[in-house]
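The structure appears below as structure tokens.
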């Protein structure tokens, strides 16, 4: 299947996976926010039953924090996710791993709350080095850009 950013299915999947955000590894939760710029690398869809399709996606992502001193500012990496569409509705979720300038990696999991990839929630689930105890939860909203790119605005409480 060829990818068209304007198509409904690709928009759903791209939005959710493109979400990505990061957390500050401190003891107390702090307000955080930023924008991730993402580029879809692949979208592979298959029909697993009549009326039910599953797509897997892979993309690159760069985190731009509202606070340029945040440890995850300009961290970059990849996200992988799935989009399941069937008679009972749509579901979308995935994981991201982004590396900072020191080589430490932050792990994140995300889910689309609308099943369309337009908005959702995410949480940091640890990582390596300074991100080993990263946690927190964020809300996100996707905005398509040109081509296979998208911007994901996120905010929440990070630690």
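Considering the stretch 8-158 at the alpha-carbon level, its Rg and Dmax are found to be 14.8, 50 Å. Label-to-label distance, residue 159 versus residue 74, with points set 7 angstrom from Cα along the beta-carbon direction: 2.9 nm.
Between residue 66 and residue 145, full extension at 0.36 nm per residue minus the direct alpha carbon distance yields a gain of 26.5 nm.
Within the stretch 130-159, which residues have the backbone N less than 16 Å from the label spot 7 Å out from residue 30 along Cα→beta-carbon, could you tell me? Counting only backbone N, you get 130-137, 155-159.
Please grab the % of Cα pairs in the stretch 86-142 that end up more than 12 Å from each other. Above the 12 Å cut-off, the stretch 86-142 has 66 percent of its Cα pairs.
Bear in mind that the values in this text are calculations on the coordinates, not laboratory data. Note that the coordinates shown come from a computational prediction; the quantities given were computed from them, not determined experimentally. Cβ: placed from backbone, ideal geometry, glycine included. Neighbour counts: every protein chain shown.
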